[in-house]
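See structure below.
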Amino acid sequence: MKTVNLFLGIMGLSFMSCVAQPKTDAVDKGTTKIENGKVTLSNPDLEYEVIIMDNGFERWFSTNRKPKDHYSITFLENKNRRWVQEWNARAGRMNSVIEYSIDYNSQTHYGYEVNYMLYHYLLYFQQVNNLRLD
């Protein structure tokens, strides 16, 4: 299984072992599991997994998330693409709270669940760190 690991903590965010694939018509059958400060999303059909490790995010997400049908997949992909570009532009700069870049390929269909969680994490990160990515 190709894996996209999203490790979040005090140091920041990084996607590791991301293997890009062209868009597919696979059905997004993603599942989300939240326990002990770790959010795990997996989708065996799309072969991607996201792991968010940030105790603050779990609590924020449970009280601030929008219902899953609130956003279209197009909205999430467009927002994530712009925010990830800005994130990566800031990653590793001196005095930046963003230390890692995200390997997010806009040509890859990660599915609704992955985009939904990435969007909310980036929204959370902006609010907690009082910064804007767009």
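Derivation of every value follows stated rules applied to the coordinates shown; laboratory data play no part. Here the structure is a predicted model, which is why all the values come from computation and not from measurement. Please note: Cβ atoms are built from the backbone with ideal geometry, for glycine as well, and neighbour counts cover all protein chains shown.
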Please go through the range 98-131 and pick out each residue that is of a type in the set (Asp, Glu) and either touching a Pro at 6+ places or on another chain (Cβ under 6 Å) or surrounded by fewer than 20 Cβ atoms within 10 Å (Cβ to Cβ) (or both).
99, 103
Could you give me the residue pairs with C-beta distances under 7 Å whose first residue belongs to the range 109-124 and is touching a residue at least 60 places away in the same chain (Cβ under 8 Å) and over 14 Å from residue 61 (Cα atoms), whose second residue is among the aliphatic types (A, V, I, L, M) and assigned to a helix (DSSP H, G or I) wherever it lies, and which are 6+ apart or on separate chains?
112/73
Identify, by number, the condition in (1) within 18 Å of residue 54 (Cα to Cα); (2) within 11 Å of the chain's Cα centre (by Cα) that residue 100 doesn't meet.
(2)
Filter the range 60-104 for residues that are part of a loop (DSSP other than H, G, I, E, B), of a type outside the set (Lys, Arg), more than 19 Å from residue 134 (Cβ to Cβ) and out of contact with any strand residue (DSSP E or B) (no Cβ under 9 Å at 6 or more places or on another chain) and give the result.
67, 92, 94, 95
